[in-house]
């Protein structure tokens with residue numbers, strides 16, 4: 001079963017169980033998938049890798065919205081966004097720990113023979129494809145900057 005089919009099945013289950021928050025969240029993910037397909041002209045042919053990437057973007061968007069609501073003094077809306085992000089996390093691969101990210105960064109630094117802060121772009125270019133979907137770029141960038149003294 002593809003990721004898209006899994007989401008569609010889970011959406012039907014959530015609708016039958018009258019889980020409104022889950023239903024809304026899954027509908028928004030399916031809308032993002034359909035928008036991507038319309039953009040690319042690949043109706044119903046989105047790979048699992050792309051679906052995971054889209055879910056990651058939706059999850060990150062909700063985390064950012066939760067932070068903005070929190071800063072704006074709207075904790076009830078922030079909590080709603082966090083719950084939606086949590087629903088989406090169930091569809092993403094297990095996230096890498098800080099130690100695993102550091103290991104991948106160290107390997108990339110050796111691979112591109114990075115010497116200092118000016119090589120951050122090279123290291124990011126080498127490490128991101130290896131950790132795609134399993135680590136947030138912001139976390140990876142922080143480790144790269146720490147290692148290269150940037």
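Readers should treat all values here as calculations from the given coordinates under stated rules, not as data from a laboratory. Please read all numbers here as calculations on a predicted model, not as lab measurements. We place every Cβ from the backbone using ideal geometry, glycine too, and count neighbours over all the protein chains shown.
Of note:
- Any hit, region 130-137, residues being on the phi < 0 side of the Ramachandran plot, in a helix (DSSP H, G or I), surrounded by fewer than 17 Cβ atoms within 10 Å (Cβ to Cβ) and in contact (Cβ under 8 Å) with a residue 24 or more places away in the chain: yes
- Looking only at region 82-114, and only at residues there that are in contact (Cβ under 8 Å) with a residue 12 or more places away in the chain and in a loop (DSSP other than H, G, I, E, B), the one that is surrounded by the fewest Cβ atoms within 10 Å (Cβ to Cβ): 94
- Among residues of region 1-53 being without any contact (Cβ under 8 Å) to a residue 12 or more places away in the chain and surrounded by 14 or more Cβ atoms within 10 Å (Cβ to Cβ), the one that is nearest to residue 83 (Cα to Cα) is 19.
- In region 18-47, the residues that are part of a helix (DSSP H, G or I), closer than 15 Å to residue 7 by Cα and touching a helix residue (DSSP H, G or I) at 6+ places or on another chain (Cβ under 8 Å): 21, 22, 23, 24, 25, 26, 27, 28, 29, 30, 32, 33
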